[in-house]
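These notes are about the structure you will find just below.
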Amino acid sequence: MGENEEFAASLEDSKAAYVLSNVAEVVERILTFVPTKSLLRIVSVCRLWRNCARRVLRTQQQLTWVSACGPSNTEAHVLCSILAEEVEKVFLVPRTVLTLVDYEGFTGRAFCYKQNKAKKNRHSPDTVEELNLLFPKGCDIMGITTPGVVLTPSGSYSSLPREYQEGEAGFAIMFPSIEGVHIKPFHFCKKSISPTALKEAGLVDNPELRVVLIFVYEAYKTGGVHFLSQILEPLAKSKALIAGGLVESVFSPPRHCCSQGSFGVVGLALSGPKVQGASVLLDQEVSNPKAAEAAIQRLKAAKIPERNTLGFMFACVGRGQNYYHNQANVEADAFHKVFPNTPLFGLFGNGEIGCDRIVKEDYTLCDTDTDSLQHEYTTVMTLVHLG
């Protein structure tokens, strides 16, 4: 390199250094392309970068997710084996995380800690501890296992969702702090459920409650039916959208209040003026692809925006490929056809909770009672918009 070229290069370097040290607009624009974990480390560079990074963090209000399927290359479950690496790449600060994995693949195979055969069928405390380490302190993490999983591959809102009734699969949806949206996790067992507890969780006497995602575990145990009615009865009287299913187990947060194997419920209460919800019920009469698409098409009546909207599919283990005469992915394909830019997540479970309902301002599509919220051999297809 000649003398003139060296001088020109040094001049360009000095100009770049000046801009990156003094021009907030340029620095802030550049930092929008930096993943959040790196952004949090950048705040220590200088005052300008710290202020720019904080402004960028405040604008990161679009939810994201990590999903995985197929046999793992490690001893860990396929989702757990990639989650630590993928969390480094996200562009938000997670405040609430909903994690769902298949029961058979996950049992005894969470992260890469060593386990002997005696522990094969138990969730080690290390599972929860290592999961907590991946996310910021104070982040609420809900971990659920189910017989089957519905997920959208990581990376694009328009990716084709897939139904996994067999094999390893799982997802982790990460919700940031969003203005006008309040997400509150809840957990009840027979020892902790009460009218006061329901009120404290924001499930009753809460005029801003819009959506409740609810997951019941060990519901087949003696007393489980009555317990489920205790929580669904007050919810059925609200104008909120209620949707979920009966799952295998819950591994996070730890359930210190109830004994091993007892029934209970976990979920997310979504409140706030910017939350919208809608759901339709695909009953036993919906038994071919055309009928499934027609049922899902009714969700269009909600007129929910595409941005920051998720689809949830809560299906019976009796549906899926066998129900549709050996046609795979029927309901997920139908959803994608109607909502091509909305990611879909969910489960195949032991029962479904929900009904036809659209919640928009003071309007609901239908009123319902406790009994009509509980179903078998159906699918509850749901849209949730978060502002």
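Annotations for the structure displayed:
- In region 96-108, the residues that are modelled with pLDDT under 90 and not in a helix (DSSP H, G or I): Thr107, Gly108
- Subset of region 127-184 (residues that are β-branched (Val, Ile, Thr), farther than 15 Å from Glu86 by Cα and either in contact with a helix residue (DSSP H, G or I) (Cβ under 7 Å, 6 or more places away or on another chain) or part of a strand (DSSP E or B) (or both)): Ile141, Ile144, Thr145, Thr146, Val149, Val150, Ile178, Val181, Ile183
- Scanning region 297-312 for residues that are part of a helix (DSSP H, G or I) and surrounded by 14 or more Cβ atoms within 10 Å (Cβ to Cβ) turns up Gln297, Arg298, Leu299, Ala302.
- Residue list for region 42-67, restricted to those being modelled with pLDDT of 75 or more and within 29 Å of the chain's Cα centre (by Cα): Leu63, Thr64, Trp65, Val66, Ser67
- Any hit, region 249-256, residues being under 18 Å from the mean Cα position of the chain (by Cα) and of a type in the set (S, T, N, Q): yes
- Matching option when the condition is free of Cβ contacts under 8 Å to residues at least 60 places away in the same chain and in contact with a helix residue (DSSP H, G or I) (Cβ under 7 Å, 6 or more places away or on another chain), among Ala278, Ala315, Ala334, Ala291: Ala334
- When Asp356 is tested against (1) modelled with pLDDT of 95 or more; (2) touching a Ser or Thr at 6+ places or on another chain (Cβ under 8 Å), only condition (1) is not met.
- From the list Tyr377, Tyr363, the lone residue that is in the same structural domain as Glu163 (by TED's automatic domain parsing), at pLDDT below 95 and in contact with a strand residue (DSSP E or B) (Cβ under 7 Å, 6 or more places away or on another chain) is Tyr377.
- Residue check, Pro161 out of contact with any strand residue (DSSP E or B) (no Cβ under 8 Å at 6 or more places or on another chain), surrounded by 21 or more Cβ atoms within 10 Å (Cβ to Cβ) and of a type outside the set (Lys, Arg): no
- Checking Asn350, Asn326, Asn322 one by one, the residue that is assigned by TED's automatic domain parsing to the domain that holds Leu386 and in contact (Cβ under 8 Å) with a residue 60 or more places away in the chain is Asn350 and no other.
- Out of Leu281, Leu270, Leu299, Leu344, one residue alone is within 20 Å of Val212 (Cβ to Cβ) and in contact with a Pro (Cβ under 6 Å, 6 or more places away or on another chain). It is Leu344.
The values are calculated or read from the model by the stated rules, or taken from the named source; none is laboratory data. Model, not experiment: these values are computed from the prediction. Neighbour counts are summed over all protein chains in view; Cβ atoms, including those assigned to glycine, are modelled from backbone coordinates with ideal geometry.
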